[in-house]
1. Roughly how many debye, to the nearest 20, is the charge dipole of the protein assembly as shown about its Cα centre, given +1 on each Lys and Arg Cβ, -1 on each Asp and Glu Cβ, and no other charges?
2. Can you give the % of DSSP beta bridges in chain B that are antiparallel, to the nearest 5?
3. Averaging over all projection directions, find the projected area of the Cα convex hull of the stretch A:119-193 and quote it in nm² with one decimal place.
4. Just from its helices, what would the mean residue ellipticity at 222 nm be for chain A, if runs of 4 or more DSSP H residues each count -39500 (n - 2.57) and the sum is divided by every residue, rounded to the nearest 500 deg cm²/dmol?
5. Just to confirm my numbers, what's the Cα centroid distance between the stretch B:112-186 and the stretch A:327-368 in Å?
6. In Å and from the alpha-carbon atoms only, list the Rg and Dmax of the protein assembly as shown.
7. Tell me the net charge near A:Leu270. Cut-off is 12 Å between Cβ atoms, A:Leu270 excluded, with +1 for each Lys or Arg and -1 for each Asp or Glu.
8. Mind checking which aspartates and glutamates have their C-alpha under 16 Å from A:Lys406, skipping anything on the same chain fewer than 8 residues away?
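Just so it is clear, none of the values below were taken in a lab; they were calculated from the coordinates. Fair warning: this is a prediction, and the values are worked out from it, not measured in the lab. Virtual Cβ from ideal backbone geometry, glycine too; neighbours counted across all protein chains shown.
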Amino acid sequence: MINKNLVIIGGGPAGLAAAKSAYDSGERDIVILERESVLGGVLNQCIHNGFGLHTFKEELTGPEYASRYIQEVQKRGIEYKLDTTVLNVSDKKIVTAVNEKDGLLKYKAKAVILACGCRERPRGGINVAGSRCAGIFSAGTAQKLINIDGYMPGKEVVILGSGDIGLIMARRMTFEGAKVKAVVELMPYSSGLNRNIVQCIKDFNIPLLFSHTIVDIKGEGRVSSVVIAKVDENLQPIMSTAQEIKCDTILLSIGLLPENELAKSASVQLSPVTGGAIVDENMMTSVDGIFECGNVLHVHDLVDFVSMESEDAGRSAVEYINRKSKPKRDYVEIKCSGGVRYVVPQYLSKSDKLDKLQLKMRVNNVYKDTRLVVLAGDEEIYSKKKQIVTPGEMESVILNKEMIEKAQKSDKLEVMLKGE
Amino acid sequence: MKKIIVIGGGVTGCSIARELVRYDTEVTVLERFNDVSSGTTKANSGIVHAGFDAKPGTLKAKFNMLGNAMFEKLSKELDFPFKRNGAFVLCFDKEDLPRLRELYDRGIKNGVEDMFLLTPEEVWDIEPNITHDIAGALYAKTSGIVSPYEMAIAYAENAAVNGCNFELEKKVVDIQKEGEGWKVICEDGSSYYGDMVINCAGVHADEINNLVCDKKLTIIPRKGEYMLYDKTCSFITSTTIFQMPSKMGKGILVAPTTHGNIITGPTAKDVQDKEDLDTTFEGLNEVYDKARKSVPSLNKKFVITQFSGIRAHCTEDDFVIGESDKKGFYNVAGIESPGLTSAPAIAVYVAEDIADKLDLKKKKGFVAKRKAIPHFAILPDREREKLIKENPLYGKVICRCEVVTEGEIVDAINRPIGAKTVDGVKRRTRAGMGRCQSGFCLERVMEILARELGVDFETIAKNESGKYIVYRKEK
């Protein structure tokens with residue numbers, strides 16, 4: 001058993017930012033455990049640009065953004081282990097990992113930061129009927145095959161789902177000479193960023209079909225066509241609208257799921273809405289000393305926000321390590337209603353002195369001409385006009401010291417949309 | 001030395017081959033796919049039936065009972081997953097209770113032990129998630145679950161180690177009389193001589209039979225669709241839950257798998273095409289709705305995959321086992337449920353019968369035991385450490401969801417009748433069978449396959465040879 005003050009699980013953008021800020025907060029006894037053979041996580045396969053506008057005020061590619069943080073970690077001499085998979089985290093913060101060189105590794109940690117990211121929802125998760133042949137990929141898998149391995153998943157493509165990776169892959173496949181015949185979205189709106197719809201779909205005249213889904217996949221051994229159909233308001237396919245599209249490849253971009261198997265093994269309480277842990281303003285989960293940040297906590301659309309959140313988590317973990325007493329769990333619950341689907345964090349300490357608090361949230365539908373409102377008690381402490389809010393774009397509100405104190409005093413904090 | 005040809009590398013063919021290699025004879029299995037266990041064997045409920053379903057006096061009843069009793073010893077000897085977990089047959093309607101009683105009586109006639117008729121309260125005591133809309137249930141403790149493809153692979157590997165010759169991608173297109181025996185001709189032009197030819201061709205057993213015999217057979221492909229749930233649903237039941245059977249089959253079941261998932265299905269629909277393994281919108285809805293009749297708390301959200309299999313339903317309505325009207329041509333056909341349960345007993349019977357007919361002697365040096373690929377995920381830490389020390393590749397996790405290491409995958413590829421495709425690796429190691437359904441490990445498994453087989457990455461297939469997963473980028 002190795003004693004370690006801070007074990008960070010995951011060497012992607014979340015883990016790297018958490019490590020950097022933990023170090024800068026004074027902690028030296030840190031290890032990052034990364035299952036891939038390089039640091040950087042999913043950023044390594046995101047070779048498109050658009051990263052870093054908030055953090056670095058410039059447009060970087062994914063690998064460039066990752067390398068900035070990797071350099072920060074290396075400059076500080078923070079220990080990391082590659083090709084190392086964590087098998088289990090116990091509620092006593094014993095982390096069991098494995099790699100080829102060390103065999104089984106057991107760490108006894110004072111604090112653990114779960115920064116393990118998310119995974120893609122597979123075909124099975126949405127019960128698409130049809131052939132189970134080759135040629136059906138999750139969009140991220142296809143991205144890795146093209147950008148890392150240098151192979152093409154196919155030549156004629158239909159994409160189901162308009163999540164960001166799906167949109168980006170529509171453009172990427174087009175660049176590589178494939179024909180993207182359609183992007184098919186079940187909902188009447190996209191779950192991706194507007195800028196991706198413009199830059200990846202509209203700019204290439206790719207048909208984007210809302211309120212449509214795949215009802216059948218045909219192919220012997222390899223995909224030969226898909227049948228798509230319109231859906232009604234209950235999202236049930238209208239079979240009379242079915243049409244067949246010839247293609248050899250289907251990419252699925254039907255949702256990202258925080259990968260919380262380790263959180264579960266540590267008995268961390270999870271939110272049924274985000275799929276991530278329920279955390280307080282320090283990103284601490286229901287288990288003392290276990291923190292979460294990045295896409296394992298809730299799925300972000302911008303890596304910049306992942307980095308910010310993770311730096312908070314890193315700092316908080318160090319504060320926790322240096323504490324003399326157990327943290328008091330005397331909380332104000334942060335609630336959401338009126339079109340706001342979730343808010344992170346879910347709890348605010350009643351006693352901690354804070355200068356600012358960032359609330360991150362997603363709405364459950366497209367709303368136009370609305371206000372994003374925060375209530376402390378019955379008082380509106382924050383209000384901002386919004387021309388449009390969509391489920392695809394994370395909203396964020398920063399509360400100042402005064403607002404936080406009001407919330408702490410009134411014992412009630414709630415975010416909501418209010419129509420005009 | 002007498003030569004025996006087994007047509008078909010499903011669980012029936014593989015188990016017969018393994019029982020035959022106990023004798024001094026040359027056994028060749030011809031399989032049309034690139035792997036054994038690729039047809040009906042890979043896609044069924046994986047149930048070791050107690051034996052109350054089959055009509056007394058039928059071969060189904062006989063071999064079900066004999067087979068069921070063999071699984072403890074066999075699963076240890078060949079090291080494949082099996083568990084005797086018990087089964088319910090739910091009766092939803094008071095008026096149907098006499099039919100449940102009939103099932104019980106039939107079980108008694110067939111010799112099923114440890115069988116009880118339970119009140120709803122007694123059922124809920126055992127499985128509290130079963131619907132409250134039941135009038136009673138039959139409970140059969142001797143019912144079990146098995147991993148069907150792992151069982152067939154275990155049989156095949158053990159047969160191979162004992163000298164059986166497996167010829168893959170050999171689709172039989174003709175059988176001609178040659179001397180005392182038969183010349184079996186494959187699509188690629190190759191041919192094999194057998195003093196005895198055993199027809200274990202599953203859904204195609206009628207076509208094979210009809211090449212040779214005067215008495216024709218008809219196999220009706222009967223599709224069954226399934227939905228598989230995430231392991232987090234394993235709490236739902238540890239007992240297999242059937243509904244009252246109908247003439248189309250045993251109905252939709254809810255059962256644990258040996259690996260801790262929950263399986264629901266199958267539908268039963270006669271189809272035209274024997275290769276039609278597509279799932280359907282209607283079929284999946286039926287599976288979902290009917291399974292929820294047994295266990296209302298099942299939630300679609302936790303489904304990780306769907307698949308379908310084809311049953312080889314023979315119009316004879318029983319197993320067809322024995323030498324046909326042509327000497328030296330032996331049928332093991334119509335092996336539908338309880339075919340998996342019966343396979344071990346059928347194999348022993350067929351091997352003994354054929355040994356008798358060909359006057360075969362037992363050979364020396366038969367190795368009965370087979371060791372499975374070690375499953376890192378379920379090993380205690382001490383054994384994990386030992387494995388990694390012997391072979392560091394066991395320290396490299398490839399499939400995250402099922403915690404499958406590179407060591408296991410390399411082993412799966414390099415064993416006798418090793419995996420050649422992504423699905424072949426999956427069936428042997430579970431890589432890609434978890435909740436992300438190979439999203440993360442697909443490309444890594446392909447890399448390992450390419451490296452171990454010494455072929456190009458882009459020639460790796462998911463399942464069918466020649467149906468590639470990726471293309472080389474054009475520069």
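1. Values: 123 positive and 124 negative charges, 258 e Å.
With Lys and Arg at +1 and Asp and Glu at -1, about 1240 debye.
2. On the way: 53 of 72 bridges.
Rounded to the nearest five, the antiparallel share is 75 percent.
3. 5.4 nm²
4. Details: 7 runs with 79 residues, N = 420.
Mean residue ellipticity at 222 nm (helix-derived): -5500 deg cm²/dmol.
5. Cα centroid to Cα centroid, the span is 53 Å.
6. 29.5, 99
7. Values: positive: A:Lys264; negative: A:Glu259, A:Glu261, A:Glu292.
Its environment carries a net charge of -2.
8. In chain and number order, the partners are A:Glu281, A:Asp330, A:Glu333, A:Asp352, A:Asp355, A:Asp378, A:Glu379, A:Glu380, A:Glu414.
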